[in-house]
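Only one structure is covered here, and it is reproduced in the block below.
The values are calculated or read from the model by the stated rules, or taken from the named source; none is laboratory data. Given the structure is predicted, the values throughout are model-derived calculations rather than measurements. So basically every Cβ, Gly included, is an ideal-geometry build from the backbone, and we count neighbours across all protein chains shown.
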Amino acid sequence: MAVKSLIFLLMLSLNLSAHRQIEIRIAEASHLITQSPKNSNLYLQRGELYREHNQFILAEGDYQKAYELGVDKYTMLFYKALLWRERNNLTRAIKLFQQVVENSTKNTIKLMAYVNLAEILQAEKKWLIAAKYYQKAIDSGKKHSSILYLATAQAYKKAGKGYFDNAIEVLKLAISYNKGVISLYNLAIEIETQRNNLKQVDWWKNKLLKIYPNYEKDN
C-alpha cells in the first residue's frame, strides 16, 4: 500500500476516533442535563460539544436554552458568534463579537471576543485592526500573556514598516512580564534586521544572551 494511502487511512481513523469521543461526551452531558435540567452551564457545555461536532442547529438551541435559564445575554451571544464563525458566516460573527465587546461586563468573555475578532481580521489581512483588537484583549485582563503580545507585535509588523515601532514597544512591554520567552526577542531581532538597524539587532541579541547564553550557537 502506498504511503499516501496509509497516511489517509491513519487520518481517517483519528478523525473517526475524535468524533466518537465527542459523541460520548455529548451523551454524558445529556445525561447530566436530565439530572439537572435547570443548570444553564450544562447547556452551554453541550452546545459547545454540538458545535465541535458540526451539529450547529442543536448547538444554537442549547445556547438559547442556557440564556433562558439565566446565562447573561452577551455570554450567549459570544457562543452564537463562535457558531457563526465556525459556519464561515464571518459578517454575522463579527457583528455579534462586536456587541459582546461593547456591552459585556465579563472580562474573560470580552477578551475571547477580542481575540476572535483579531483572528478573523488577521485572516483577512487587515493587520492594523487585528493588532488593535489583540491589544484590547491584553487590556481586558491578560496583561502577562506572551502569546497575545506576540500576536499583537506580529500584526503590527505585517501592517508595514510604519508600524515597526509599535511592534517593538509591544515586545518591550511583553518582556517586562515574560523575560524568558525567546520568541519575543527573536521577533524584535527580525524586525530590526528587516529595517537594517544593526545597532538594535545587537542590543536585542545581548539581552537574549543574558538569559540564554547558547543562543548564538543554536542559531
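Can you tell me which residue among Asn41, Asn107, Asn88 is exposed (fewer than 15 other Cβ atoms within 10 Å of the Cβ) and free of Cβ contacts under 8 Å to residues at least 24 places away in the same chain? Answer to the selection: Asn88.
All of (1) more than 30 Å from Lys126 (Cβ to Cβ); (2) modelled with pLDDT of 95 or more hold for Ala18 with one exception: (2).
Of all residues in region 173-184, those that are assigned by TED's automatic domain parsing to the domain that holds Tyr212 and of a type outside the set (S, T, N, Q) have Cβ atoms under 8 Å from Cβ atoms of residues that are outside any helix (DSSP H, G or I) and buried (at least 16 other Cβ atoms within 10 Å of the Cβ), 6 or more apart or on another chain, in Ala174/Val181; Ile175/Val181; Leu184/Asn178.
Among the residues of region 53-67 satisfying the criterion of being more than 13 Å from Ser30 (Cβ to Cβ) and surrounded by fewer than 16 Cβ atoms within 10 Å (Cβ to Cβ), which is modelled with the lowest pLDDT? Of everything passing the filter in region 53-67, Asn54 is modelled with the lowest pLDDT.
Pairing each residue of region 195-211 that is not assigned by TED's automatic domain parsing to the domain that holds Ile175 and surrounded by 13 or more Cβ atoms within 10 Å (Cβ to Cβ) with any residue that is of a type in the set (Gly, Ala, Ser) and in a helix (DSSP H, G or I), provided the two are 6+ apart or on different chains, yields no C-beta distance under 9 Å. Report yes if Lys142 is outside any helix (DSSP H, G or I), at pLDDT below 95 and over 24 Å from Arg85 (Cα atoms), otherwise no. Taking the combined requirement at face value, the residue does not satisfy it. Quick check: anything in region 123-140 at positive phi, of a type outside the set (S, T, N, Q) and in contact (Cβ under 8 Å) with a residue 12 or more places away in the chain? Checked region 123-140: at least one residue is at positive phi, of a type outside the set (S, T, N, Q) and in contact (Cβ under 8 Å) with a residue 12 or more places away in the chain.
Summed over region 157-171, residues that are without any contact (Cβ under 8 Å) to a residue 12 or more places away in the chain and hydroxyl-bearing (Ser, Thr, Tyr) total 0. Residue check: is Ala137 assigned to a helix (DSSP H, G or I), at pLDDT below 95 and not hydroxyl-bearing (Ser, Thr, Tyr)? Considered against the rule, which asks whether it is assigned to a helix (DSSP H, G or I), at pLDDT below 95 and not hydroxyl-bearing (Ser, Thr, Tyr), Ala137 comes out as yes.
The numbered conditions (1) in contact (Cβ under 8 Å) with a residue 12 or more places away in the chain; (2) in the same structural domain as Trp204 (by TED's automatic domain parsing); (3) over 17 Å from Glu192 (Cβ atoms) are all true for Gln154 except (3).
Scanning region 68-77 for any residue that is modelled with pLDDT under 95, outside any loop (DSSP other than H, G, I, E, B), crowded, with 18+ Cβ neighbours inside 10 Å and among the β-branched types (Val, Ile, Thr) turns up nothing.
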